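A short worksheet on the structure shown next.
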Amino acid sequence: MKDIVNQHLADIEAFLAETPEEIEAFRIKYIGKKGLMPALFTKMKDLDAEQRKEAGQLLNQLKNAVNDRIEILKSQTNSSSINFQTEDDLSRPANFAFEGSRHPLSIVRKKMIDIFARMGFTVEEGPEIEDDWHNFSALNFPPEHPARDMQDTFFVDKDPDIALRTHTSSVQIRKMENSTPPIRSIFPGRVYRNEAISARAHCFFHQIEGLYVDKNVSFADLKQTLLHFSREMFDAETGIRLRPSYFPFTEPSAEMDISCNLCGGKGCGFCKYTGWVEILGCGMVDPNVLKNCDIDPGVYSGFAFGIGVERITNLIYSVKDLRMFSENDLRFLNQFKAAH
Ligand code: DAH
């Protein structure tokens with residue numbers, strides 16, 4: 001029975017029709033009174049109880065496959081009902097249309113942008129192909145810094161001066177070079193790193209960079225901005241924690257954790273029982289960086305931060321494998337239909 005059903009399933013999948021009449025003939029062939037399905041159901045009588053159960057399931061599968069195929073063929077031949085003969089019959093049902101959905105990264109990126117926009121940050125973009133100055137030198141990376149290595153960075157045409165940007169911090173420089181403070185902007189975009197692709201690392205991902213430069217900008221301003229962001233993004237109970245860190249372009253620098261949104265900070269497998277999960281890097285813009293952009297560090301100060309969009313998306317939707325974001329598997333993407 002199984003072999004017969006499988007053969008039919010393959011035939012059904014492969015069946016094509018151009019006219020409503022062909023679809024109707026297909027329906028009669030399988031599920032019409034004298035069709036194949038009724039005949040197979042009759043055969044079931046001869047089987048013992050166990051086999052009959054299995055055969056029943058197979059035949060149901062077959063019936064569903066026929067009905068599904070008919071639906072698809074009908075939508076393809078532009079006639080939801082074969083009784084409707086003419087295009088200008090206004091009572092004719094609309095053609096079946098597949099409904100798309102937004103990508104989870106787009107949903108989360110939009111939410112992040114909206115939060116900063118409400119705080120008065122403008123939204124700007126910079127190029128993905130960058131020169132050494134904007135991606136590294138102006139950001140105070142010393143010449144021997146390991147990030148400048150071929151191992152980490154994709155260079156374009158082996159030119160050591162041109163590469164795919166490794167972070168959106170490059171756009172900070174472009175913005176500061178081209179404007180005078182006050183500056184309050186975020187820079188969303190895609191970044192690239194020469195990493196082996198796995199569940200936890202990818203050769204491209206997305207960041208949102210933030211920059212605020214004005215007179216008297218302090219670390220307290222940074223902290224309050226990020227606290228507000230975290231509570232808007234997650235929930236009003238979310239706590240933040242800043243840990244001292246190092247980035248060439250900020251001094252002092254910090255990494256920021258939020259209280260684990262899965263266990264509420266009590267400790268669970270996801271936060272490795274610490275109650276905290278890291279979400280971003282930040283700090284006060286290093287005076288050297290301001291100088292590189294012709295902004296006087298004696299007059300102005302600023303803060304900057306860089307947030308990974310995949311990271312936030314994983315926290316919200318528990319996506320276990322980064323590769324899912326770029327595989328275009330509809331079974332994954334369709335789950336986000338209701339989310340926007
Ligand atoms: N560019 C850093 C990275 O890609 C993230 C970052 C850290 C951005 C600190 C900042 C910052 O603006 O201040 O890992």
Report task. Please enumerate the residues belonging to segment 288-324 that are of a type in the set (Val, Ile, Thr) and surrounded by fewer than 20 Cβ atoms within 10 Å (Cβ to Cβ). Result -> 299, 316, 319
Report task. May I ask you to list the residues in segment 182-196 that are closer than 14 Å to residue 304 by Cα and surrounded by 15 or more Cβ atoms within 10 Å (Cβ to Cβ)? Result -> 183, 184, 185, 186, 187, 188
Query raised in the report: List pairs: first in segment 72-92 and outside the structural domain of residue 18 (by TED's automatic domain parsing) and modelled with pLDDT of 65 or more, second surrounded by fewer than 10 Cβ atoms within 10 Å (Cβ to Cβ) and aromatic (Phe, Trp, Tyr), Cβ under 8 Å, 6+ apart or cross-chain?
Result: none
Report summary line: From the option list 231, 193, single residue qualifying as within 25 Å of residue 143 (Cα to Cα) and among the charged types (D, E, K, R) is 193
Requested in this report: Among what's in segment 290-331 and is among the aromatic types (Phe, Trp, Tyr) and modelled with pLDDT of 95 or more, pick the residue that is nearest to residue 209 (Cα to Cα).
Outcome: 305
Query - Condition met for residue 261 (within 16 Å of the ligand (Cβ to nearest atom) and either basic (Lys, Arg) or surrounded by 14 or more Cβ atoms within 10 Å (Cβ to Cβ) (or both)) - result: no
Query raised in the report: In segment 198-253, what count of residues is obtained for those that are farther than 18 Å from residue 301 by Cβ and of a type in the set (Phe, Trp, Tyr)?
Result: 5
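For (1) without any contact (Cβ under 8 Å) to a residue 40 or more places away in the chain; (2) more than 24 Å from the chain's Cα centre (by Cα); (3) within 13 Å of the ligand (Cβ to nearest atom), each residue gets a yes or a no:
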| position | (1), (2), (3) |
| --- | --- |
| 151 | no, yes, no |
| 155 | yes, yes, no |
| 168 | no, no, yes |
| 173 | no, yes, yes |
| 180 | no, yes, no |
| 184 | no, yes, no |
| 208 | no, no, yes |
Query raised in the report: residue 308 passes all but one of (1) away from the ligand (no atom under 14 Å from the Cβ); (2) in contact with a Phe, Trp or Tyr (Cβ under 8 Å, 6 or more places away or on another chain); which number fails?
Result: (1)
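Here's the yes/no breakdown for (1) touching a strand residue (DSSP E or B) at 6+ places or on another chain (Cβ under 9 Å); (2) within 16 Å of the ligand (Cβ to nearest atom); (3) in a strand (DSSP E or B):
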| position | (1), (2), (3) |
| --- | --- |
| 216 | yes, no, no |
| 253 | yes, yes, yes |
| 272 | no, no, no |
| 290 | yes, yes, no |
Report summary line: Exception for residue 232 within (1) under 18 Å from residue 171 (Cβ atoms); (2) away from the ligand (no atom under 12 Å from the Cβ) falls at (1)
Query raised in the report: When you look at residue 199, is it surrounded by fewer than 19 Cβ atoms within 10 Å (Cβ to Cβ), among the aliphatic types (A, V, I, L, M) and within 13 Å of the ligand (Cβ to nearest atom), yes or no?
Result: no
Query - Single condition residue 177 does not satisfy, out of (1) surrounded by 15 or more Cβ atoms within 10 Å (Cβ to Cβ); (2) modelled with pLDDT of 95 or more - result: (1)
Requested in this report: Hey, can you tell me all the residues within segment 2-50 that are buried (at least 16 other Cβ atoms within 10 Å of the Cβ) and either among the polar types (S, T, N, Q) or outside any helix (DSSP H, G or I) (or both)?
Outcome: 15, 17
Requested in this report: Considering (1) in a helix (DSSP H, G or I); (2) farther than 17 Å from residue 226 by Cβ; (3) of a type in the set (Val, Ile, Thr), say which one residue 299 fails and leave the rest.
Outcome: (1)
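The values are calculated or read from the model by the stated rules, or taken from the named source; none is laboratory data. None of the values given here were measured: they were computed from a predicted structure. Glycine also receives a Cβ, built like all others from the backbone with ideal geometry; neighbour counts cover every protein chain displayed.
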